[in-house]
Amino acid sequence: MKIYAPSYKRFDGVKTHLLLPNVIYCVHEFEAQKYIDKGYNVEVLPDSIRGNIARVRNYILDNYVKEKGLIIDDDIECIKRWTLKDDKPKAIKIKDLEEFIEFGFLHCEEFGAKLWGMNIIGDKGSYREYTPLSLTNTVSGSFMGFLNNDLRFDERIPLKEDYDYCIQNMNEHRKVLRFNNTFMIKKDHANKGGCADYRTIGREVEQLKLLQKKWGNSIVKFDTTQRGKKTKGFDINPIIKIPIKGV
């Protein structure tokens, strides 16, 4: 089992190797030498697939992951976990992360799932103490574990590809394993490079509408509320309602 992190124009800003030393950065030909000069583990991607993260993920799945592996972000700073006995989440120690990953794949296999990940947010309310695992919630493309998964990302929706991929898995395999008590710390949209190079509000809205058109407005809903505020706004991340019974 190997760990791959797509990276684009971030040879000076990647962080995941500090957390997972065996991570392999997947970078394009035009800048591969800059990453190699830094001493990182590297797989070189063709320049012809750059500019579409869904296409990049598919290339990694087809050529590297194949049966079992992780595709994660290149700027993960920390992975934390809630427990019943602690009031605050605790960081998983670097030496324990490999064990956690193997644990994730083991549970994925036992549940009969083809995709697993962790909670998208770190809020304790989302953790739900007595629901440490769920099978009908989405996971982020920032951390996805693939197990004999024959599905591929929709290259028409490169800014919402992870939502679409999770819905595909729910539709085809009826479940996605999510560890609700575990989440990542990273910069997301504030970081330079990566998808930030072509991400705009206009494109986000366009892709969100395309995602809703593909799956219907009963599954993909626009979030028009701003948490903690009385005024209504618009969230570029949709609310996904999976019509499958269960946790």
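Summary of computed values
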read-out: Only one of T83, T138, T131 that is of a type in the set (S, T, Y) and in contact with a strand residue (DSSP E or B) (Cβ under 6 Å, 6 or more places away or on another chain); value: T138
read-out: Conditions (1) more than 12 Å from V176 (Cα to Cα); (2) free of Cβ contacts under 8 Å to residues at least 40 places away in the same chain; (3) in a loop (DSSP other than H, G, I, E, B); number of the one not met by E99; value: (3)
read-out: Within the stretch 188-247, considering residues that are modelled with pLDDT of 80 or more and aromatic (F, W, Y), the one nearest to S126 (Cα to Cα); value: F222
read-out: Within the stretch 26-80, considering residues that are touching a residue at least 24 places away in the same chain (Cβ under 8 Å), of a type in the set (D, E) and in contact with a strand residue (DSSP E or B) (Cβ under 7 Å, 6 or more places away or on another chain), the one surrounded by the fewest Cβ atoms within 10 Å (Cβ to Cβ); value: E77
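The values are calculated or read from the model by the stated rules, or taken from the named source; none is laboratory data. The model shown is predicted, which means the values in this text are computed figures rather than measured ones. Positions of Cβ are generated from backbone atoms using ideal geometry, with glycine treated the same way; all protein chains shown enter the neighbour counts.
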